[in-house]
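Structure, as structure tokens:
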Amino acid sequence: MKLHDSLTRQTRPFEPLRAGRVAVYGCGPTVYDFAHIGNFRTFAVYDLLHRHLRWRGHEVDFLVNFTDVDDKTITGAAGAGLPLGEHTETFVKAFLDDAGTLGFLPFSSHPRATAHIPAMVAFVERLVEQGSAYLAPDGSVYYAVASFDDYGRLSGKGGEEDAARARIDAEDFDKRDPRDFALWKPAQPVDREVGAVWDSPWGPGRPGWHLECSVMATSLLGDTIDIHMGGEDLLFPHHENEIAQSEAATGQPFARFWVHVKHLKVDARKMSKSLGNFHTVRELLNEGYDPAAIRWTLLSAHYRSELNFTRDGLDDATASVQRLLDFRRRVRDASTATGGGGGLAALAGEHLGAFGRALDDDLNVPRALAALWTLVREVNTELDDAGGKMAGEDRDAVLDALAGMDAVLGVLDLAEASRTVAGADEERVRALVDAREQARADRDFATADRIRDELAAEGIRLEDTPQGTRWTRVRTGP
Ligand code: AMP
Ligand code: ZN
């Protein structure tokens, strides 16, 4: 497999450092609010890589942290009048719910910054001892950027020009160099108010955000990790600072591959609350959109390409998911032809191979989807020609290929699950469908149409087939 590494700016062959076991760290949500669909573009790419590595037979340690102490979480907790942990817990749960909604495989773990403070203190002590960090008169411990020769290698930023700009922001601080950043911050009244204060050799305080990720990554995955991921905005200063701290502390290369996901735009603009184009997963569900269509939308573009989120795009994704579900149903329901099999089975194997190779090539989803649609088209043509029949071995091979592709795409089963109506609801829908069939048999088309419209308004789609009326839920919301 090849991956694009932002540090070397090359697409290079990827092999894990330890054979068969891949160590990945993805910067996770800051749990001060609901994550938006932009965040979920980045997280969906984490899930895509996670699934693809597993599909290729690797064991994967995939950590996605919760940033549960920083300026925003503290301000949020104070605003809500809650202790920090209570405030952030709401958004931790919301993230896990949304990740489940979008069909993410569970990540290996979600370390919380607040659960690793002693390791952070020890890490800063080490940096101070070796002269990479210093205690300033304001009570903060700063990382001394000038002590790290490679500073700026990842982002190309942090040189003299940026230093001049930073100087203006730095006036309130006791930094020796305006590029220096806080590893440890002394406790402020608001920190005490929400309980965001821990002891340290430099007095009570709390860790800086950049430090949190370096410490969780190295202490849980080792000094050198295979892949570090995040959205493109994290390149500078967050990841630049992570490299500086980690490599100074351990003396080892920190991450072998840096993978950055391009930002999602909404209606061709940056997502923001003031523009009114700020969407969360739960809002889209409430509007009736299908989780599988949201997932499809977030994954359909290459992760380093522009992706513009629009409702038209979401409607197209809904149609794509439906087309794929219909295709799988058609293959499952195809009657068995006797003899003459093998042709479609070979085709299925070929397109599954192309699908996998596309993802091996820096997660090229558009090319993988092209292989998927070619399979759909070719099998449909064969089925049309053969009067809807196919040999048993062909059917098994096509269904296996689809399942293989969906092990990474993760939309088909997700779509089917959200279309399943359980219990009493199912009986009610079944009764309405039966009543409509009866009305049609009685040539009472007005009644039949009324029932169809009623169900459509609930998001239930009817399909009349020679075997009777089938129905599926296409929208999950109210
Ligand atoms: P945050 O909760 O702000 O720490 O962000 C969580 C993750 O979402 C980070 O990896 C960000 O880079 C990423 N992110 C933020 N905004 C967007 C966006 N519009 N598109 C894609 N990723 C984003
Ligand atoms: Zn991070």
Query raised in the report: Do any strands (runs of 3 or more DSSP E) lying entirely in segment 170-234 carry at least 2 residues that are in contact with a Leu (Cβ under 8 Å, 6 or more places away or on another chain), and which ones are they?
Result: 181-186, 225-231
Report summary line: Selection from segment 346-381 of residues surrounded by fewer than 17 Cβ atoms within 10 Å (Cβ to Cβ), closer than 16 Å to Asp326 by Cα and touching a residue at least 24 places away in the same chain (Cβ under 8 Å) yields Asn380
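Would you check which residues across segment 15-29 are farther than 16 Å from Ser109 by Cα and modelled with pLDDT of 95 or more and list them? If you could, list the steps in order and put the result at the bottom.
Within segment 15-29, the first condition is being farther than 16 Å from Ser109 by Cα, and the residues that meet it are 15-20.
Residues satisfying the conditions are Glu15, Pro16, Leu17.
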Query raised in the report: How many residues are among the hydroxyl-bearing types (Ser, Thr, Tyr), surrounded by 15 or more Cβ atoms within 10 Å (Cβ to Cβ) and not in a helix (DSSP H, G or I) if we restrict to segment 104-116?
Result: 1
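I'm checking my understanding of the structure. Among residues of segment 219-253 that are without any contact (Cβ under 8 Å) to a residue 40 or more places away in the chain and surrounded by fewer than 23 Cβ atoms within 10 Å (Cβ to Cβ), which one is farthest from ligand 1 (Cβ to nearest atom)?
Just the residues of segment 219-253 that are without any contact (Cβ under 8 Å) to a residue 40 or more places away in the chain, to begin with: 223, 232-233, 242, 246, 250-253.
Okay, now just the ones that are also surrounded by fewer than 23 Cβ atoms within 10 Å (Cβ to Cβ), so 223, 232-233, 250-253.
Working: Asp223: 22, Glu232: 7, Asp233: 5, Thr250: 23, Gly251: 27, Gln252: 24, Pro253: 21 Å.
If we take residues in segment 219-253 being without any contact (Cβ under 8 Å) to a residue 40 or more places away in the chain and surrounded by fewer than 23 Cβ atoms within 10 Å (Cβ to Cβ), then Gly251 is farthest from ligand 1 (Cβ to nearest atom).
Considering only segment 77-86, state which residues are open to solvent by 20 Å² or more (accessible area, probe 1.4 Å) and touching a helix residue (DSSP H, G or I) at 6+ places or on another chain (Cβ under 8 Å). Reasoning before the result, please.
The initial filter retains those residues of segment 77-86 that are open to solvent by 20 Å² or more (accessible area, probe 1.4 Å), namely 78-83, 85-86.
Within segment 77-86, Ala78, Ala80, Leu82, Pro83, Gly85, Glu86 meet the criteria.
Being touching an Asp or Glu at 6+ places or on another chain (Cβ under 9 Å), part of a helix (DSSP H, G or I) and open to solvent by 20 Å² or more (accessible area, probe 1.4 Å) is true for just one of Arg282, Arg295, Arg256. Which residue is that?
Numbers: Arg295 fails: open to solvent by 20 Å² or more (accessible area, probe 1.4 Å); Arg256 fails: part of a helix (DSSP H, G or I).
So the residue among Arg282, Arg295, Arg256 that is touching an Asp or Glu at 6+ places or on another chain (Cβ under 9 Å), part of a helix (DSSP H, G or I) and open to solvent by 20 Å² or more (accessible area, probe 1.4 Å) is Arg282.
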Query raised in the report: When segment 176-202 is examined, which residues are found to be touching a strand residue (DSSP E or B) at 6+ places or on another chain (Cβ under 7 Å) and either of a type in the set (Phe, Trp, Tyr) or without any contact (Cβ under 8 Å) to a residue 40 or more places away in the chain (or both)?
Result: Asp180, Phe181, Trp184, Ala187, Val197, Trp198, Trp202
Query raised in the report: Which one of the conditions (1) of a type outside the set (Lys, Arg); (2) under 18 Å from the mean Cα position of the chain (by Cα); (3) within 16 Å of ligand 2 (Cβ to nearest atom) does Ile37 fail to meet, given that it meets all the rest?
Result: (3)
Query raised in the report: Within segment 254-266, can you find the residues that are more than 9 Å from ligand 1 (Cβ to nearest atom) and farther than 21 Å from Phe181 by Cβ?
Result: Arg256, Phe257, Val259
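Yes/no matrix, rows are residues, columns are (1) within 30 Å of Leu135 (Cβ to Cβ); (2) within 16 Å of ligand 2 (Cβ to nearest atom):
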residue	(1), (2)
Gly208	yes, yes
Cys213	yes, yes
Glu242	yes, yes
Pro253	yes, no
Val259	no, yes
His279	no, no
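Against the condition within 16 Å of ligand 2 (Cβ to nearest atom) and part of a helix (DSSP H, G or I), how does Gln322 come out, does it pass? Break it down stepwise before answering.
Working: within 16 Å of ligand 2 (Cβ to nearest atom): no; part of a helix (DSSP H, G or I): yes.
Considered against the rule, which asks whether it is within 16 Å of ligand 2 (Cβ to nearest atom) and part of a helix (DSSP H, G or I), Gln322 comes out as no.
One line per residue, one yes/no per condition, for (1) farther than 20 Å from Glu240 by Cβ; (2) in contact with a Phe, Trp or Tyr (Cβ under 6 Å, 6 or more places away or on another chain); (3) surrounded by 18 or more Cβ atoms within 10 Å (Cβ to Cβ):
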| position | (1), (2), (3) |
| --- | --- |
| Pro118 | yes, no, no |
| Ala122 | yes, no, no |
| Glu129 | yes, no, no |
| Pro137 | yes, no, no |
| Ser140 | no, no, yes |
| Asp150 | no, no, no |
| Gly159 | no, no, no |
Report task. Filter segment 410-460 down to the residues that are in contact (Cβ under 8 Å) with a residue 40 or more places away in the chain and among the charged types (D, E, K, R), then identify the one that is surrounded by the most Cβ atoms within 10 Å (Cβ to Cβ). Result -> Arg419
Query raised in the report: Could you say whether any residue in segment 161-174 is open to solvent by 50 Å² or more (accessible area, probe 1.4 Å), at pLDDT 95 or above and either within 34 Å of the chain's Cα centre (by Cα) or among the acidic types (Asp, Glu) (or both)?
Result: no
Query - Hey, Trp471 open to solvent by 30 Å² or more (accessible area, probe 1.4 Å), hydrophobic (A, V, I, L, M, F, W, C) and touching a strand residue (DSSP E or B) at 6+ places or on another chain (Cβ under 6 Å) or not - result: yes
Query raised in the report: How many residues does segment 117-134 hold that are in contact (Cβ under 8 Å) with a residue 24 or more places away in the chain and assigned to a helix (DSSP H, G or I)?
Result: 9
Query raised in the report: Residues Phe14, Phe40: which one is away from ligand 1 (no atom under 14 Å from the Cβ), open to solvent by less than 30 Å² (accessible area, probe 1.4 Å), in contact (Cβ under 8 Å) with a residue 24 or more places away in the chain and aromatic (Phe, Trp, Tyr)?
Result: Phe14
Requested in this report: Looking only at segment 6-34, count how many residues are over 25 Å from Arg153 (Cβ atoms), within 16 Å of ligand 2 (Cβ to nearest atom) and not polar (S, T, N, Q).
Outcome: 3
Query - Residue among Glu240, Glu193 that is under 30 Å from Arg21 (Cα atoms), at pLDDT 95 or above and acidic (Asp, Glu) - result: Glu240
Query raised in the report: Does segment 66-83 hold any residues that are in contact (Cβ under 8 Å) with a residue 12 or more places away in the chain and either away from ligand 1 (no atom under 16 Å from the Cβ) or under 13 Å from the mean Cα position of the chain (by Cα) (or both), and which are they?
Result: Ala78, Leu82, Pro83
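The values are calculated or read from the model by the stated rules, or taken from the named source; none is laboratory data. Please read these numbers as outputs of a predicted model, since none were measured by experiment. Ideal geometry is used to build each Cβ from the backbone, glycine not excepted, and the neighbour counts take in all protein chains shown. Protein only, heavy atoms only, side chains kept; ligands, DNA and RNA dropped before computing areas. Shrake-Rupley method; radii C 1.70, N 1.55, O 1.52, S 1.80 Å.
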